[in-house]
Amino acid sequence: MKYIILLFLTCLSLCLSQAILAQTASSDPPAEAALVPSEPPAPPGNLTLKDLPNDDGHGIAVKWDLSPDDGAGAKSVISYDIYRSLSPDAPDSLWKKAGTVVLGVKSYADKGNRESDNDDYLPKKTNLYYRVYAVGAGVRSVAAAAGPVQAYDNWFNTLKVPELIFCVVFLILTVRFINMAKRGIDLYVRPLAGIEAIDEAIGRATEMGKPILYCLGIGTAGDIATIASFTILGRVARKVAEYQTSMIVPCIDPIVMTIAQETVKAGYADAGRPDAYKEDSVYYVTSQQFPYVAAVNGTIIREKPATNIYLGYFLAESLLLAETGVMAGSIQIAGTDQVSQLPFFVVACDYTLLGEELYAASAYLGREPLLLGTLKAQDYLKAIALVCIFALLALRVFTGADVIHKPFDMPWW
Amino acid sequence: MGLIISAVVIGGGLLWILYLSIKGQDVDRRIVYLFVGATVALAIIFRLEFGEVATPIVKSVFDKIENLPAGSKIVLSYDFDPAMAPEVNPMANAFIRHILEKKHRLFFMSLWATGQSLLSVSLNDVLKPEFPDAKYGVDYCNLGYKAGNEGVLNVVITNFRKMFPSDANGNSLDSLPMFKDVESLKDMDLLISVGGGKPGVKEWVLFAGDPGKIATAGGSAAVSTPLLYPYWPRQLIGLLGGTKGAAEYEAELIKTHPRFKDKGMPALRMMGPQTMAHVVIIAFIVIGNVAYFRSRRKGKQS
Amino acid sequence: MTSKTAMRILTAIVALIFLISWIMKSGSGMSDSAFTNVRDGFLVTFAVFLTLSIFSFLYRDNPFYKFAESLYVGISAGYWMCYGFWSTVVGNFVPRASRSLSEFFHVPYQEHADHILIYIPIIFGLILLTRLLPKIGWLSRWSLAFIIGATAGLNLTRYLRSDFISQVSNSFIPLFVDWKGVGDFVNHISLAADGQFIAILSNWVIFVGVMCGLVYFFFSKEHKGAFGVASRVGIWILMVTFGASFGYTVMGRISLLVGRITFLFGDWLNIL
Amino acid sequence: MKRQIPMLILSAVGTLLVVSVFIPSARHWQEDASLYFDIIAVFAFFLGGGNLIRVHTEKVNRKSTGWIYSVVTLLGFGIMLVTGLFKIGNPNGIAGDLSQTGSYFQLLFQYVMSPLNSTMYALLAFYVASASYRAFRAKNTEATILLVAAFVILLGRTALGVLLTNWIPAQLSVLQIPNLAIWIMNAPNLAGQRAIMIGISLGVISMSLRLLLGIERSYLGGDN
């Protein structure tokens, strides 16, 4: 079974890589052109209009054949101007300039605005007419005109197929491993030092009779790292309640504070000590980065917590907090998904959860088979990523294309 | 004078701390703070400047301009806005000085609408007063800004006159003597883009330097510099990164052309405190390791 | 001398310097109005006082820092709420909800916006406020669920696109740069920074580095044998990354300090 | 009930937003969700502001240690709210921009908040130094690699790096410290960043799925 899945996934990634190759391999060389002034160039030919695919109904795909003077003939074309109007014989003032493209380009995606009070509004299900001019130095050709055409909204964005495939694969894997876990199959997870440290740290705080400071970072509830931190906070609160020690949770955002209060309260309830929960332990400081840090730093220095836990979204304050914690002599456990801040945590804290480990932490702490199952699914996706990179590179070596920047400029993301 | 005082104070202090560390005493963090603060303060008060030495990535740009035969054609593009200007404007000014000093022909242009006004500031503050003999249309010209981002490059790589029927002042290109033997970017000897966003150095490499096989160099704000490193040295002949890169270029310029010494080199001045602080931090890392190995050896002995 | 007397003397000195600075700064003001000069003199001096108070934390916690910190927290909380009120309530909600309110606040009323849907967040917002009532406080979880659900939904595809797919495809780099055969490669092999060998080496390091880094993050497989070696290389690569990013950031941090010290010596003491 | 309905809301909202990515005509749901988010956040201001006032007035009432600083906080909060909500001193009155030059709100921002912001930020210069002094020690393989990488980059950022290794011939030029620094940034650093980012994206996707599937509930309290 396992091998069949892997085989399937490998085939899938090969197909995808083929698609990526096809996308990146095509690029037109710039057209050669020479200078000839002032005669108006010949107009572009064969103007065709179509509803723009994969959009919400406010775009038209415009295509034409190059003017005979573009790169050949009199070589006088510099660019093409695209105009749109609601009527084929409207006066020039009612033709809205939709865009300009340089010579050698023979298509334009006219993406209008969907708000009717916007200047660039492009109504859906309405007849539209287009004109395309070839523009020379100070002159322009006769218009190539076409229409009517209507814009429709589409029901599926075909450009998102790769994402859909990955979503579905991930979902299937997750559900599969959850089911395995439900059937009681034991799933191995390797130990993570940072996670084990959390347990010890709570014990240490109990011995010292000092609180634990849990900082959710400066993210709002709109940052997924903050949500991940909530899931860990719940488990930490439960242990704190079991050990009968206290915790301080300063928050930077009112909603974060609200969710944190709910989470900590639930953690205490789960531990069977709902009365021990103190509303004041989770409080709002202020909504800005540096005043928040100033206040938390003050708290760390004055309360001297046994342990500081920083999990969530952090920016420059990572080092400000962690160094202050060092001064206060606290054990420090940190984790963030901000790659630029990880170095500071690694340098100043005792344990650091690196990126993905932050998201795995709640599964580790809870040790619930269902959650551990999702870790397994994550690993399979990682294996797919490895296979993908391998496959792409193998293709690269055999096809021999050698331009380092091509994948960086892919049209579809 | 200021340099001597600072060197004695900071150097002496560091030696003393090294001595204490070797003896096994731990340095309080406040001492580290004191040193960093004092270093930066001294450097600011005494306006310390250091002879930066150009790193290879900067030196290669300098050498290229230095070694091109007089009369070579160089494009300098202002691809930045006022927010980035403190970091990258010194680079642009240093380029102007160097290029005109070497009697090359300088073609100004800009892919950013906001670059144009910064460009005219440079023309009025640097070029005109310092090079009164440079003649417009012969030694330099200003093509100004054209909308279209990298699309502009797509056109001028085959033909200048299509995109720029006239220069920024409305003169037709054919009326400018320096355009006599210029058809497209491919006739240029060097392209320089100074910028920090999009379009910027990367676009110049991808849409002009690479397809036209034209030597390309760049100057970039510090934040975006790491993203450009991969293009060096194969696609970019050199790159000035942030204030540091600008300072290196200024230092090299003063060394080779001492007449610019009194022109005020802003990047060099900004670098003074930073270099000092770096040296202090490096010294502390060394001291920390000396102390660590010392204590470990002692631990082993006992 | 007890620490309390020392503190009193220190406070007196600070107050004295503050006063002198206020007078000097007021005297050198540019404005025609005496009130503005005195006010700006006070504000500049106060800004300097706050700057130094924050720096004093480096020595140790002290009343000056505590004062600056408390003021900072209060002011910034007020600042944030004012911004929230004017930009979200007046800027986003009022123009969609009511014409007369729009006129009162001088914001353009949006006729075509979906007016009914704007009440969804209002309802959820009101539900959130039930927290203040102990009996039905549990209702507020509905709003929290809405927020968490939205975050999860938005981020799932966002990260899939911008991080997963694009980073994997960015790893799509040539392993044999400018390859012209083994003979040519061996003939030109050198450690020159712009040589072919280094270009090839870099890409191999990226390739192997990404692979090993990913292996390090495997949770459900024991890091033993070949897998263990790869994971160990992976952690080394991560350590290089951390060291390099740390080193690269130092310069930017120093320039912040340069800015503050320039403020103290230049704008305040005028000795630069 | 108390747990099922929130789970349902969460899954429904999240699933709708995921699906909307694939349906062009539903694209604006995402923008709408962000807007709703902001508006709900305004209601939360009451909770946040209320909490701030309550915590600090309690400290004042109890006369607990440092209560005087709570007075300072409350004063600052009140002053800022009054100047901002009523736009005191704003040359254009109620219609003026909140941060209009000359308004009291802007004065407070310029002379109180802004210097405090940059000073807090500037503390980093000191902390970076003390952290590198303490942590960059060759204790084991990992720490040594960290130390060497940071050291090379730091040296590469000063003239010292050039002076020390200028003698290395062009054939070995990658060993010159500035070149080595760039190479480190280019190759191993890039690889590490990429591995972390790929890992994070999988972590986020997995976390989101766990939330949407309703198996991650610890934020609403464990299993019972």
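The values are calculated or read from the model by the stated rules, or taken from the named source; none is laboratory data. Just so it is clear, the structure is predicted and the values come from calculations on it, not from any experiment. No Cβ is skipped: glycine too gets one built from the backbone with ideal geometry, and neighbour counts run over all protein chains shown. The accessibility values were calculated without ligands, DNA or RNA, using every heavy atom of the protein model including side chains. Shrake-Rupley method; radii C 1.70, N 1.55, O 1.52, S 1.80 Å.
Once each part is reduced to its C-alpha centroid, what is the distance from the range D:1-74 to the range A:297-366 in angstrom?
Rounded to whole Å, the Cα centres lie 24 Å apart.
Can you tell me the FRET efficiency between D:T141 and B:Q301 if r is taken as the Cβ-Cβ distance and R0 is 22 Å, rounded to the nearest 0.05? Numbers along the way, then the final one.
Values: r = 24 Å, r/R0 = 1.08.
The pair D:T141/B:Q301 has a calculated efficiency of 0.40.
Quick one: net charge of C:F57's neighbours, Cβ under 13 Å, K/R +1, D/E -1?
So the surrounding residues net to +2.
How much of the DSSP bridge set in chain B is antiparallel, in percent, rounded to the nearest 5? Please list the in-between numbers first.
Numbers: 1 of 26 bridges.
Roughly 5 percent of the beta bridges in chain B run antiparallel, per DSSP.
How big is the dipole moment of the protein assembly as shown about its Cα centre under a simple scheme where the beta carbon of each Lys and Arg is +1, that of each Asp and Glu is -1, and everything else is neutral? Debye, nearest 20, please.
Around 3260 debye, computed over the protein assembly as shown.
Longest segment of chain D with no chymotrypsin sites (Phe, Trp or Tyr not before Pro) in a DSSP loop having at most 14 other Cβ atoms within 10 Å?
My reading of the result: D:1-85 is the longest stretch.
Once you keep just the Cα pairs under 8 angstrom separated by 6 or more residues, what percentage relative contact order results for chain A?
Rounded, it is 15 percent for chain A.
Could you tell me the total accessible area buried at the C-A interface, probe 1.4 Å, in square angstrom to the nearest hundred? Present the calculation step by step, with values, prior to reporting the outcome.
Working: alone 21130 and 21990 Å², together 36790 Å².
By this definition, chains C and A bury close to 6300 Å².
Among D:H56, D:G76, D:L10, pick out the residue whose Cα is farthest towards the positive end of the charge dipole of the range D:4-124, where Lys and Arg carry +1 and Asp and Glu carry -1 on C-beta, about the Cα centre.
D:H56
Mind giving me the FRET efficiency for C:K224 and A:K182? R0 is 22 Å, r the Cβ-Cβ distance, nearest 0.05 is fine.
0.20
Any idea of the accessible area per residue across the protein assembly as shown, 1.4 Å probe, to the nearest Å²?
Normalised by residue count, the accessible surface of the protein assembly as shown is 40 Å².
Using +1 on the beta carbon of Lys and Arg, -1 on that of Asp and Glu, and nothing else charged, what's the dipole of the range A:193-367 about the Cα centre, debye to 20?
340 debye
Longest exposed-loop-site-free stretch of chain A, with trypsin sites (Lys or Arg not before Pro), DSSP loop and at most 13 other Cβ within 10 Å?
A:1-124
Tell me which of B:Y249, A:V102, B:S166 sits at the most positive position along the dipole axis of the protein assembly as shown, charges placed on C-beta atoms (Lys, Arg +1; Asp, Glu -1).
B:Y249
Relative contact order, percent, of chain B when contacts are C-alpha pairs under 8 Å separated by at least 6 residues?
Relative contact order of chain B: 25 percent.
Only helical DSSP H runs with n ≥ 4 go in: add -39500 (n - 2.57) per run for the protein assembly as shown, normalise by residue count and round the 222 nm mean residue ellipticity to 500 deg cm²/dmol.
After summing the helix terms and dividing by residue count, I get -18000 deg cm²/dmol.
Once fully extended, how much extra length lies between D:V82 and D:W167, figured as 0.36 nm per residue of separation less the alpha-carbon to alpha-carbon distance?
Additional length available on full extension: 24.0 nm.
Using alpha carbons only, how many angstrom separate the centre of the range B:244-302 from the centre of the range C:202-272?
Their Cα centres are 20 Å away from one another.
Given axes a ≥ b ≥ c from the Cα gyration tensor, I'd like to know whether the range B:56-264 is rounded (a/c under 1.5), prolate (a/b larger than b/c) or oblate.
Rounded shape, in that the Cα axes give a/c under 1.5.
I need to check one value: relative contact order of chain C, counting alpha carbon pairs closer than 8 Å and at least 6 residues apart, in percent.
Details: 163 pairs, mean separation 20.0, N = 272.
The value is 7 percent.
Points 7 angstrom from Cα along the Cβ direction at B:I5 and C:M7: gap in nanometres?
3.6 nm
Measure off 7 Å from each Cα along the Cα-to-Cβ vector at A:F390 and C:L175, then give the distance between these two points in nanometres to one decimal.
The modelled label-to-label distance comes out at 1.0 nm.
Roughly what % antiparallel, to the nearest 5, for the DSSP beta bridges in chain A?
Roughly 60 percent of the beta bridges in chain A run antiparallel, per DSSP.
Need the C-alpha centroid separation for the range C:38-85 versus the range D:142-165, integer Å.
38 Å
Restricting to the protein assembly as shown, what percent of DSSP beta bridges are antiparallel, rounded to 5?
Rounded to the nearest five, the antiparallel share is 40 percent.
Provide the net charge surrounding A:G234, with neighbours chosen by a C-beta distance below 9 Å and charges set as Lys +1, Arg +1, Asp -1, Glu -1.
With Lys, Arg at +1 and Asp, Glu at -1, the net is +2.
May I ask which of A:K50/B:K213; B:K162/B:K202; A:K63/B:K146; B:K64/B:K180 have a Cα-Cα span longer than 27 Å here?
Listed pairs above 27 Å: A:K50/B:K213.
Quote the total accessible area buried by chains D and C together, excluding ligands, DNA and RNA, probe 1.4 Å, nearest 100 Å². Don't skip to the end; give the middle numbers.
Numbers: alone 17430 and 21130 Å², together 27910 Å².
Result for this pair: about 10700 Å² buried.
Scan the range D:129-171 for trypsin sites (Lys or Arg not before Pro) in coil per DSSP, keeping those whose Cβ has at most 11 other Cβ atoms within 10 Å, and list them by number.
Hits after loop and neighbour filter: nothing returned.
So how much accessible surface do D and A hide from each other in total, probe 1.4 Å, in square angstrom to the nearest 100?
The D and A chains share an interface burying roughly 5500 Å².
Express the carbon and sulfur contribution to the solvent-accessible surface of the range C:54-155 as a percent, rounded to the nearest whole number, probe 1.4 angstrom.
Ligands and nucleic acids excluded, carbon and sulfur give 67 percent.
Can you work out the PRE-style zone for A:R190? Point 7 Å along Cα to Cβ, and I want the residues of the range C:229-252 with backbone N under 16 Å.
Counting only backbone N, you get C:229-239.
Quick one: dipole size for chain A, taken about the Cα centre, charges +1 on Lys/Arg Cβ and -1 on Asp/Glu Cβ, in debye to the nearest 20.
The dipole of chain A has a size of about 920 debye.
What is the distance, in nm, between label points placed 7 Å from the Cα along the Cα-to-Cβ direction at A:S107 and at A:Y121?
Result: 3.0 nm between the two label points.
Show which lysines lie in cross-link reach of A:K182 when reach means a straight Cα distance below 24 angstrom and same-chain residues fewer than eight apart are skipped.
A:K2, A:K376, A:K382, C:K221
Leaving out ligands, DNA and RNA, what percent of the accessible area of the range D:2-106 is carbon and sulfur, probe 1.4 Å?
Answer for the range D:2-106 is 67 percent, counting heavy atoms of protein chains only.
In the range B:56-264, with Lys and Arg counted as +1 and Asp and Glu as -1 at Cβ, which of these residues, B:A134, B:L111, B:N124, has the Cα nearest the positive end of the dipole, that is, farthest along it?
B:A134
Does the range A:193-367 come out rounded, prolate or oblate, given a ≥ b ≥ c as the square roots of the eigenvalues of its C-alpha gyration tensor, rounded meaning a/c under 1.5 and, failing that, prolate meaning a/b above b/c?
rounded
How would you classify the range D:80-224 from its alpha-carbon gyration tensor, with a ≥ b ≥ c the square roots of the eigenvalues: rounded for a/c under 1.5, else prolate if a/b is greater than b/c, otherwise oblate?
Here the range D:80-224 falls in the oblate category.
For the range C:1-43, give the percent of accessible area contributed by carbon and sulfur heavy atoms, probe 1.4 Å, rounded to a whole number.
76 percent
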